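The values are calculated or read from the model by the stated rules, or taken from the named source; none is laboratory data. Small disclaimer: the values here were computed from a predicted structure and weren't measured. Ideal geometry is used to build each Cβ from the backbone, glycine not excepted, and the neighbour counts take in all protein chains shown. Keep in mind that these areas ignore ligands, DNA and RNA; they rest on the heavy atoms of the full protein, side chains included. Shrake-Rupley method; radii C 1.70, N 1.55, O 1.52, S 1.80 Å.
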Amino acid sequence: MTDLHWALLAIAGVLLLAIWIYSRWQERRALARLDAALRRGVGDPLAELKPATAARPVARRIEPRLGTALGAPDASASGEPDVLPAESAGESAPAGTPDAESSGERAEPSAYALPDGWSEDPLLDFVVELRCTHAVDGVTALDARSQLDRLQLPLPAHLAVWDAKSQQWTAPDRFGFYSELLVAVQMAHRNGVLGEIDAARFIAATQQIALAVDADFDAPDVPRLVTQAAELDRLCARFDVQITLTVEASEAPWSADAVQSAATALGFMPAGTGRWELREATGDLQLVLSAPSLPTPRLAVSIDVPLARPGSSPLTVQFQVAEQLAARLGGRVVDDNGRQVQRDGHFAVAAQLATLYEQMQAEGIAAGSERARRLYAA
């Protein structure tokens, strides 16, 4: 072999050694960053969870009754709540939520939306931003999305990537390259709240994703996430209100065919066994018609207050529909005490409902809004 051959071999050996040393340095650097994140954050999230000394009180979902509002003489003795569940009962606003004077500072949902319709909402979502030290390809980002999906959390979780070309957050694409990722989980909705174990699983998965994409991030801790989730759950429970009128049969119970025919004639669409929904032309929910079983002597006509837009006059429509159902089926509209409701009865609760809508607006949860749908249509 000539001197040139030996020189080339030496150069190749030096390059291989340099690559090996650099890869080892990168590995040690990533492990050190993960160890620091774990020390700042949750450590071993599942191992360090302490058993609760007392169960967290569950926020009570309230279905107001019309007895008090319609002036029934024994309504106070019935123990049924009024239309305004929070302030009229002497409850204070949940910790960590602003009062009406500061409600203008409520952060609004982001303008962008992923293909699945999600956009970051600072009131509903706990978001962790991952700042990648180098561009991440789309396949790796999709793998991170799959890792998040495999958690099967009880509340929606999302992953978004920053698209430098369009200058917005979007869903990862197999052929893209990205410098930042957002990992988010909704903290609560009507049917559940993120607890300690699931919060720990989410944060641990986020740390694993950060390691996989070689990203820096500010490691959150489980207590902070659980506290925020509990505050949102209390706020959600405060406005989880339904107003119900009952249509009662005058004689024999109504058959399934009779109820279906009357519901269809009034514009209701089937939404499950014993449930029909009346929606506006925009698709927004207006009323719910329900029966515990069929045949049935009683039908409930309900306003799901957080999902019904105030501008659609849901209370007026509710009374009109209840009267029309009673006329079609041969029944009468009654309150919870079995007393017949007068035609102008909705005026008695209209002012209280308007106040409730104002309180929701003040807390940043306008009835019928996208934020309200994410909280209550889950």
Exercise. Using only alpha carbons, build the gyration tensor for segment 167-224 and give me the equivalent ellipsoid semi-axes, biggest first, whole Å.
Key: 25, 16, 9
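Give me the 1.4 Å probe accessible area per residue for segment 288-344, excluding ligands and nucleic acids, in Å². Intermediate values should be presented prior to the final figure.
Details: 2500 Å² over 57 residues.
Accessible surface, normalised per residue, equals 44 Å².
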Practice problem: Between THR273 and ALA164, with labels modelled 7 Å along Cα→Cβ, what's the label distance in nm to one decimal, could you check? | Solution: 5.6
Exercise. Return P(r) of segment 216-276 (all Cα-Cα pairs; 10 Å bins starting at 0; whole %; ordered from short to long distances).
Key: 15, 27, 17, 16, 15, 8, 2, 0
Quiz item: Given the protein chains as shown and a 1.4 Å probe, how many square angstrom of HIS346 are accessible, to the nearest 10?
Solution: 30
Self-check item: Label point 7 Å beyond Cα of ALA256 along Cβ direction - residues of segment 273-288 with amide nitrogen under 12 Å
Solution: 273-275
Practice problem: Keeping the other protein chains in place, figure out the carbon and sulfur percent of the accessible area of segment 184-331, with a 1.4 Å probe. | Solution: 51
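When ranked by the protection proxy of mean other Cβ atoms within 10 Å per residue, highest first, what sequence do the peptides 179-186, 205-212, 246-253 form? Could you put the intermediate results ahead of the total?
On the way: 179-186: 22.2, 205-212: 20.1, 246-253: 15.4.
Ranked by mean Cβ neighbours within 10 Å, highest first: 179-186, 205-212, 246-253.
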Quiz item: Could you give the accessible area per residue of segment 170-276, probe 1.4 Å, as a whole number in Å²?
Solution: 40
Practice problem: Taking just the C-alpha trace of segment 164-261, give me its Rg and Dmax in Å. | Solution: 23.1, 72
Quiz item: Stretch ALA265-LEU16 to full length: gain in nm at 0.36 nm per residue minus the Cα-Cα span?
Solution: 81.7 nm
Exercise. Would you please name the chymotrypsin sites (Phe, Trp or Tyr not before Pro) within segment 127-179 that are DSSP coil residues with at most 12 other C-beta atoms within 10 Å of their C-beta?
Key: PHE175
Quiz item: In segment 184-224, which residues have a backbone nitrogen under 12 Å from the label point lying 7 Å from GLU129's Cα in the Cα-to-Cβ direction?
Solution: 217-218
Quiz item: With the calculation restricted to Cα positions, what are the radius of gyration and Dmax of segment 194-338 in angstrom?
Solution: 22.4, 72
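Which number comes out as Rg/Rh for segment 330-378 once both Rg and the Kirkwood Rh are worked out on C-alpha atoms? It would help to have the intermediate numbers written out before the result.
Values: Rg = 15.3 Å, Rh = 13.2 Å.
A ratio of 1.16.
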